[in-house]
Amino acid sequence: MNMHIELPVNLHRLGELAYNMWWSWNPEAQELFRRIDPELWEKVYHNPVRLLQEVPQERLEGLADSDYLVAYHRVMADFDAYMHPGESWFAESFPAESDHLVAYFSAEFGLHESLPIYSGGLGILSGDHCKEASDMGVPLVGIGFLYPQGYFTQRLTADGVQEAVYEKLDFGRVPARAALGPDGKEIRIHVQLETRTVYARVWHIQVGRNALYLMDTDIEPNDPKDRVLAARLYGGDLETRLSQEIVLGIGGVRTARALGLNPTVWHMNEGHAAFLVLELLREQVAQGKGFAEASDYVRKHVVFTTHTPVPAGHDTFPFDMMERHFWNFWPKLGLSKEDFLGLAHQDQPWGPSFSMTVLALRFSGKRNGVSKIHGAVSRKMWHFLWPDKPLDEVPIGQITNGVHTASWLAPELYELYNKYLGPDWYDNLDRQDLWDSVWDIPDEELWDVKLQLRTRLIEFARERYAAWKERIGASPDEVEAARGVLDPKALTIGFARRFATYKRATLVFRDIERLRRIVDDPDRPAQFIFAGKAHPKDGPGKAMIQQVINLAKYPGLNGRIVFLEDYDINMARYLVQGVDVWLNNPRRPREASGTSGQKAALNGVPNASVLDGWWPEAYNGANGWAIGEQEGYDNLEAQDADDASHLYSILEKCVVPMFYGRDDAGIPRVWISVMKETIRTVAPYFSLRRMLKEYLDQMYVPTMRGLIE
Ligand SMILES: *Cc1c(COP(=O)(O)O)cnc(C)c1O
C-alpha cells in the first residue's frame, strides 16, 4: 500500500526525490528532508518516504515560502544535472557498448540504514557498486531480494547477550515501487521448489540512474511457508537457504526476462546467485542447443566474484536435497541426474554436495577474488578444479574492493577537498596526482574538522549508550553517567565489524592491565568504541560480543571502553568519520578484503591493522600501522600473543605519543601528516571508481565485446 503524499505545488518534486536513492549519497538532499522536521527525520531513521508521509501538512505549507525554496531549487537542479548528464563517463569511454547491460546479482544490498537488507561487507560492496555504476553511467541493474524482515536489529542485555529482533518492513514506506513489465503491468515470476510452484513479485528501487529489482515471495497464492521463504536475509535452515538461492538465481533471470531486459553480462556477486547459470543453460537448451554448446554460450556471458577464503563461507547443499528440488530441472538440460549433480560436485565431511562456488567458477568466463592476497588464496583453494594448470595460472584474478566515496565521506571534508583539490575532484577521484594536493590543506583546518567529527561521534555514542542503559533498566544515576562517557578531546580508537571469531575482537584485552595503563593515562587518555553484530546462529561470535562487554566493565578501564548496540550503516558513518584510529586485527589470511578501513582512511583516519585483506596493498610505513608480520602462524595461540603484544607497543610507542605531541598552538603536526598521507594514499585507489573501472576493463567490456574464450 502506498500512502498518499500531499505536497504543496511549489515543492511537488520532493516525492520524486524521495523515491530515488540518489539522496542517500547527497548530503544536501538529506538536509532538505531533515529541515522539514529534524525530530521526525530521526524518528523515521532518515527515510524520506516515511518523513513525507508522516509530516503534518501545515509544516510543509509553512516551508514553501521560506529560504527553504532556494535550497530546494538548488538540490533539484543538481538532481536533474545528475540524472541527465550531457554524456556519461561510460558513454564517452565505451561508445560502442552503450546498448549493453550488466545484471548484477547479490543476496544483499547495503544502500542505506533505512533499508536493512544487508548484513555486512558483501552487502555494502553491492550497494556501493550500484551507486558508482550510476555515477559513471555504467548500464547496470541490480537483482536481489526485498526481505520483508530484512536483517535483524541487535538488542543487548545487561550481560551482553545478543538478542535478534526482526521488524517487519512496510514496503509502502520505503522508496520501493512495483516493478512494471514492458506492457506497463506489475510483473510476477515463478520457480519450482520440490513439486510446487512459488511466485514472487518484484519491487523497483531507483538508485540514481540505475534500477534495482528486488523479489519478494510474501504473496498469494504461495503457501504460508513459501510466503516467509525470503522473509529474512540469511535466516532459516539449509533448506530455506537453498530455496532462497533457487529464487535468487533462477527467479532473478526470469525477473530480467519479465522486465524485457536483455543483459549481455551476468555478474554473480558471491556464489549465492550461482543458480542463474542453470537457468541460462536451460534457456539455451530450450532454443535447441546441445549442453556443451549451451555451456559455451553461458561462459561467454557470466562473470563471478568470490568473497571469502573461509571454507564454511561457501554454500554447499547435500545431493539428496538438490535432487528433491531439481528432479524436474535436469531433464530440461538434457542431463542425467549424475551428470547434473556432477556439475558442481564437492565432497564435504557430511557427504557429496553441490557447491555454489564450484558451479559459479565452472560456468563463468571471468572470475576474481577481492584483494591481491585473496586472489592468491582463492587460486590455491580452487586449484583442484584446474588440476592441469600450475597454481599461478588458475584462472581466478583479483580486483581489490573499494568504497563509494560520496556515501562515506564527511560533508565537512567534502567541502575541504573541494577547496584544496579543486572543484572537479569528484569527477576524477581515482586520479592520484589530484590527491597529492591534500598536503595543501592547512593543518589547522583539517584539525578543526577532525574535532567537529569526533565531537559529533561522541555525542552520538553517548546518546546511544544512555538509551541502551535505560532500556536494560539501569538506575537514573547510571543513565546520567552514560550520558557523560567518553571525551571529545581524547584519542579515540574504533573497532566495528561483524563479530566472527577470526576477527578477534577481544585481542586488545589480552593483557588487561597493559590496556588499562594505555587508556587510563590522565594526561594522555585513550578510549575505544566497539560495535558489531554476530550472526544469530554464530554462538562463538555472540560469546565474543559478551566478552567485550564484560571485559569493558573492568574497573581500571574507567568507562573508557564502550560497546554500542546495533552496528549499521548509520553508525558506521559516525565511526569512520569520527574516530582517530581504525583498528583491525583479524587472523591472517581470513579477511578477504575489508572495506571499513578504507572508509576511515578516506576521512583521514589512519588504520592500525594486521597485514591482511586490502591493507598490505595500501600500507607504506607512513600512512598508519601494521600489526604483526605478514605470515600466518600454525600455532594460533602464539599468533594471538605476538599480535596483541605488537598492538600494545604500537599504541604505546607510536599512536599515543604522536597524537598528543602538540606544538604551541596545540596542533599535532606529525599526527596530521599521517592523516594526510592516509587520505592521499587510500582515497583514490581504494575507491569504487578505480574498482569499477577494473571490473569494466577486466570483465564487463571484454564480455560485451565477445572476447571471452
Ligand atoms: C563497511 C561496513 C562493513 C564492512 O566492513 P569490514 O571492513 O568488512 O568490517 C560492515 N558493516 C557495515 C555497517 C559497514 O558499513
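Where a number appears in this text, it was derived from the coordinates with a stated rule and is not lab data. None of the values given here were measured: they were computed from a predicted structure. We place every Cβ from the backbone using ideal geometry, glycine too, and count neighbours over all the protein chains shown.
In table form, for the structure just shown:
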{"item": "Estimated translational D of the stretch 408-686 in µm²/s (Stokes, Kirkwood radius over Cα pairs; 37 °C; 0.692 mPa s)", "result": "171"}
{"item": "Unit charges on C-beta of K, R, D, E only; dipole of the stretch 9-83, Debye", "result": "160"}
{"item": "In the stretch 499-606, trypsin sites (Lys or Arg not before Pro) in a DSSP loop with at most 14 other beta-carbon atoms within 10 Å", "result": "K537, K553"}
{"item": "Prolate/oblate/rounded call for the stretch 532-690, Cα gyration tensor, a/c under 1.5 rounded", "result": "rounded"}
{"item": "Spatial separation of Cα centroids for the stretch 604-638 and the stretch 125-187, in angstrom", "result": "33"}
{"item": "Length gained when the stretch K419-E445 is fully extended (0.36 nm per residue, less Cα-Cα span)", "result": "8.2 nm"}
{"item": "Partners for K380 among aspartates and glutamates (Cα-Cα distance below 19 Å; same-chain residues under 8 apart left out)", "result": "E270, D315, D347, D388, D392, E393, E591, D612, E631, D634"}
{"item": "Gained length - R74 relative to K553, 0.36 nm times residue gap less alpha-carbon distance", "result": "167.5 nm"}
{"item": "Pairwise label distance in nanometres, S645 with E220, each label 7 Å out on the Cα-Cβ vector", "result": "7.0"}
{"item": "Calculated FRET efficiency for the pair A64/R257, C-beta based, R₀ 45 Å, to 0.05", "result": "0.50"}
{"item": "Nonlocal amide H pairs with V202, under 5 Å, H built at 1.01 Å", "result": "A179, I187"}
{"item": "Inter-probe distance in nm under a simple model that places probes 7 Å from Cα toward Cβ, at Q192 and T153", "result": "4.2"}
{"item": "Of K450/K542; K43/K419; K43/K503; K131/K503; K503/K693; K419/K599, those spanning more than 26 Å from alpha-carbon to alpha-carbon", "result": "K450/K542; K43/K419; K43/K503; K131/K503; K503/K693"}
{"item": "Cα-centre dipole for the chain with unit charges at Cβ (Lys and Arg positive, Asp and Glu negative), debye to 20", "result": "1140"}
{"item": "Gain upon complete extension [K537, Q287; 0.36 nm per residue less C-alpha separation]", "result": "85.6 nm"}
{"item": "Highest-first arrangement of 690-703, 100-113, where packing means the average Cβ count within 10 Å", "result": "100-113, 690-703"}
{"item": "For the stretch 312-325, Karplus couplings with θ = phi - 60° (6.51, -1.76, 1.60), whole Hz, Gly/Pro x", "result": "5, x, 9, 5, 9, 10, x, 4, 5, 5, 4, 4, 4, 8"}
{"item": "Beta bridges by DSSP in the chain, antiparallel share as percent, to the nearest 5", "result": "40"}
{"item": "Ordering of 607-613, 67-73 by packing [mean C-beta count within 10 Å, highest first]", "result": "607-613, 67-73"}
{"item": "Among 295-308, 413-426, 632-645, the order from most to least packed when residues are scored by Cβ within 10 Å on average", "result": "295-308, 413-426, 632-645"}
{"item": "For the stretch 59-68, Karplus couplings with θ = phi - 60° (6.51, -1.76, 1.60), whole Hz, Gly/Pro x", "result": "4, 5, 4, x, 5, 5, 10, 9, 5, 4"}
{"item": "Dipole in debye (nearest 20) - the stretch 610-678, about Cα centre, beta carbon charges: Lys, Arg +1; Asp, Glu -1", "result": "600"}
{"item": "Within-10-Å neighbourhood charge of F354 [Cβ basis; K, R +1; D, E -1]", "result": "-2"}
{"item": "Separation of alpha-carbon centers, the stretch 641-709 and the stretch 421-480, rounded to whole Å", "result": "17"}
{"item": "Ellipticity estimate at 222 nm from DSSP helix runs (n ≥ 4, -39,500 (n - 2.57)) divided over the chain, nearest 500", "result": "-11500 deg cm²/dmol"}
{"item": "In order through the stretch 187-201: 3J(HN,Hα) via Karplus (6.51 cos²θ - 1.76 cosθ + 1.60), integer Hz, x for Gly, Pro", "result": "9, 8, 10, 9, 9, 9, 10, 6, 10, 10, 9, 10, 9, 9, 9"}
{"item": "Nonlocal amide H pairs with Q398, under 5 Å, H built at 1.01 Å", "result": "G369"}
{"item": "Selection from P38, L51, H73 lying farthest towards where the dipole of the stretch 9-83 points positive, charges on Cβ", "result": "L51"}
{"item": "Alpha carbon centroid spacing (whole Å) that separates the stretch 37-104 from the stretch 495-553", "result": "39"}
{"item": "Cα→Cβ-extended label distance, 7 Å offset, between E338 and E480, nm", "result": "7.9"}
{"item": "Net +/- balance of residues flanking W89 in space, Cβ distance below 12 Å, scoring K and R +1, D and E -1", "result": "-3"}
{"item": "Summed side-chain charge close to L7 - residues other than L7 whose Cβ falls under 12 Å, Lys, Arg +1, Asp, Glu -1", "result": "-1"}
{"item": "Built amide H within the under 5 Å cut-off of Y104, gap 5+", "result": "V141, G142, I143, H267"}
